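First comes the structure, then the notes that go with it.
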Amino acid sequence: MAGAHAQLRVEITGAGADRLPIAIADFSGERVVAQALTSVIRADLDRSGMFRLIDGTGTLSDNTNPPFADIKQRGADVVAGGTTTALSGGRFETRVRLSDVVKQNTLDMQAYVHTGTQLRATAHRIADSIYEKLTGEPGIFSTRIAYVVKSTGRYELQIADADGANAQPALASREPIISPAWSPDGSKLAYVSFEAKKPVIYVHDLATAKRHVAANFKGSNSAPAWAPDGKRLAVVLTKEGGSQLFLVNADGSGVTRLASSPGIDTEPRFSPDGQFIYFTSDRGGSPQIYRIPATGGSAGNIAERITFDGSYNVTPRPSPDGKSIAYIARNNGRFQLALMDLATKQTQVLTDSSKDESPSFAPNGRMILYATEIGGRGVLAAVSSDGRVKQKLSVQAADVREPAWGPLVR
């Protein structure tokens, strides 16, 4: 598959309430570079659902006081202006000033040195900086997503920017690839590949493209999940019978059993503090979500059931702050993305689709990426954790599944 055909297309189908009105003026200086930068910055902020973009503010440099009265009249409370200047060696310097239109003062000033090939990455960094300054939370525009594209007997594990651009294959195979999981530092992906005619867990270094087998025991090896320390994986193995939870070092050594269950235990995920492992089990007669201490051993057999509503709740994904879990619930025959507040047990169904799967939190917890099915074809979608902002990310003529949102870029 050509990379261009695999690019995700973002369609925003909803919007958040109480969005902050912001104007991103045209940057002065190098016109083509500046236009490319501001286009990506505007798209990033708009896609977040946190801002309402105000048009028509014209060109504004970083060293000019904004025409506050005019911008206020247009409806913006915040404005960003900037200047892009050519340096030697094909480099550019872009300086950005963020101003409070109401208080008529400067909120932030930043400078970025970059090349022409780093335009999109620089724009994402600028958008991240604006987002964090105005919301107090880290922006996720510089993060990456992984997903699997299936087309005519071929599977590709692809990595793309969070907005779906710059998709690159990390692995291609005629056999299925499933369950990609980012290491906490974003340098590696663990995944399951069937290229050996059975499910085997690999750890793949994205910078070097080198990989190694992390689990290839007798039977099935599946559902890898990284521990927060990046040194261990929770995995599901059948080497001792049915599907059971195990821990294994990321280099494939030191496999230990976490728990013993009369049912099928699968889909483990560590809590962000590393203290618990959430997982799906049918030990109570129907698939439900449980958690056990990550220390395993005898304590690992004391599983706490988390979900009680309905007869089918699977694929738990703890939020980055550990306060909630996203999961897939069956409601009246529809498989939908749900979110549970772990303190109150209050649950909210976030989608109106019927074949949702594989939820994955953005690293700031604001959005949840998931796969769903439209017209018999897998597509990626995202919804804000309050359910107000919805996005669809589609790839033409292909089946896209198994999304995983990468960690923050530090």
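Just a few scattered comments:
- Relative contact order %, region 28-132, counting alpha carbon pairs below 8 Å whose residues are six or more apart: 28 percent
- Partner aspartates and glutamates for residue 133 [C-alpha distance under 12 Å; skip if fewer than 8 residues away on the same chain]: 100, 108
- Among 206-213, 146-153, the order from most to least packed when residues are scored by Cβ within 10 Å on average: 146-153, 206-213
- For the chain: Kirkwood Rh in Å [reciprocal of mean 1/r, alpha carbons]: 22.5 Å
- Peptides ranked, highest mean first, by Cβ atoms within 10 Å: ranges 377-386, 56-65: 377-386, 56-65
- Under the criterion of Cα pairs below 8 Å and six or more residues apart, the relative contact order for region 91-141 equals 29 percent.
- Placing pseudo-labels 7 Å out from each Cα toward the beta carbon at residue 231 and residue 93 gives an inter-label distance of 4.4 nm.
- Rolling a 1.4 angstrom probe over the protein heavy atoms with all chains in place gives the chain an accessible area of 43 Å² per residue.
- The calculated FRET efficiency for residue 187 paired with residue 73, based on their beta-carbon distance and R0 = 51 Å, is about 0.60.
- Take the Cα of residue 216, go 7 Å toward its beta carbon, and the backbone nitrogen atoms of region 251-266 under 13 Å from that spot belong to 252.
- Gyration tensor (alpha-carbon) shape descriptor, region 164-251, a/c threshold 1.5: oblate
- Residues of type aspartates and glutamates that residue 218 reaches as a straight line, Cα spacing below 15 Å, ignoring anything fewer than 8 places off in the same chain: 240
- Helix 119-135 axis, angle to the chain major axis (alpha carbon atoms, nearest 10°): 90 degrees
- Per residue, the average separation of C-alpha pairs within less than 8 Å and at least 6 apart gives the chain a relative contact order of 13 percent.
- Fully extended contour minus Cα-Cα distance, from residue 331 to residue 103, at 0.36 nm per residue: 77.2 nm
- Spatially proximal aspartates and glutamates relative to residue 392 (Cα-Cα < 18 Å; intrachain offsets below 8 disregarded): 11, 44, 46, 161, 163, 352, 356, 357, 373, 402
The values are calculated or read from the model by the stated rules, or taken from the named source; none is laboratory data. Bear in mind the structure is a predicted one, so any value in this text is a computation, not a measurement. Methodologically, a virtual Cβ is constructed for each residue, glycine included, from the backbone with ideal geometry; neighbour enumeration extends over all protein chains shown. The accessibility values were calculated without ligands, DNA or RNA, using every heavy atom of the protein model including side chains. Shrake-Rupley method; radii C 1.70, N 1.55, O 1.52, S 1.80 Å.
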